[in-house]
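Enquirer: Would you mind keeping the following structure in view while I ask a few things?
The values are calculated or read from the model by the stated rules, or taken from the named source; none is laboratory data. Being a predicted model, the structure only gives us computed values, none of them experimental. Ideal geometry is used to build each Cβ from the backbone, glycine not excepted, and the neighbour counts take in all protein chains shown. Protein only, heavy atoms only, side chains kept; ligands, DNA and RNA dropped before computing areas. Shrake-Rupley method; radii C 1.70, N 1.55, O 1.52, S 1.80 Å.
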Amino acid sequence: MASPSFAMFMRSLGLQACTAVMAVAGASAQAARPMNTDDARLVDPKACQVESWVRKNQDSTEFWAQPACNPTGNLEITAGGGHARGDDAGSQNSWVLQAKTLFKPVETNGWGWGLAAGTVQHTGPPNGRDWYTYVPVSRSLLDDRLDLHFNIGWLRDGQLKRNFMTWGIGSEAQISDRIWLIAETFGQNEGRPLYQAGVRYWIVPNRVQVDATYGNRLGGGERWFSLGLRLLSPAFLP
């Protein structure tokens, strides 16, 4: 039997994955993994990206890979998944499918917004399918050197058979040509919020990015560390 701490992690994994599943963004060095708070940007038209990361929780380890493409210019499709392995016993796979579009693209020193919706299938135990949607809103400041992001959404928890409101507030600040500092808080209408902060570095500008973050629940008790790699392609789709 899985330990109580691992069982608690498995119950919360679906919510954390759905709160913002993947922060997918354009090749302009804006919001991207590991932020849960998504931005109002898309992968460049006719281009793709792959975001992968490992996240070490207190009682488990997660491995994720999330490819995303923008075949039409205003419809970004994300399809990928993750594997969670408990330190004591048990494991779970999660498969993500999401679509995202923009109604107003972000301009320099302006704002934009869009809509994202998707589903996450968990194969465990526990098993279940979650559904979610959210509205990402972004505000550009200081000639794109500071970006603020706001999310409001809905989550249908397939295991609990309950609906939740989800939210997120995030920021990105450029401190050099290749380095960004990120911070955010996010959660739902029940329970204590979570927070996360870290650094993002472009190895190859607009093509290869790495990141590292620390996160926890407000008041403690759910800390994690993550390391990620993001690869972006030039336009190549027909």
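Enquirer: Starting from the stretch 71-94, take each residue that is open to solvent by less than 30 Å² (accessible area, probe 1.4 Å) and list its partners that are aromatic (F, W, Y), counting only C-beta distances under 6 angstrom and pairs at least six apart or across chains.
Expert: G81/W95; G82/W64; G86/F6
Enquirer: For the stretch 201-231: of the residues being touching a Phe, Trp or Tyr at 6+ places or on another chain (Cβ under 9 Å) and part of a loop (DSSP other than H, G, I, E, B), which is least open to solvent (accessible area, probe 1.4 Å)?
Expert: Here the answer is E222.
Enquirer: Considering only strands (runs of 3 or more DSSP E) fully contained in the stretch 105-200, which possess at least 3 residues that are under 22 Å from L227 (Cα atoms)?
Expert: Qualifying strands (runs of 3 or more DSSP E): 162-174, 179-188.
Enquirer: Tell me which residues, restricted to the stretch 125-160, are over 19 Å from the mean Cα position of the chain (by Cα) and over 30 Å from R178 (Cβ atoms).
Expert: Passing the criteria: P125, P126, N127, G128, G158, Q159, L160.
Enquirer: Pairs under 7 Å by beta carbon, first residue on the phi > 0 side of the Ramachandran plot in the stretch 32-49, partner open to solvent by 10 Å² or more (accessible area, probe 1.4 Å) and part of a loop (DSSP other than H, G, I, E, B), six or more apart or different chains?
Expert: K46/P71; K46/A235; K46/F236; K46/L237
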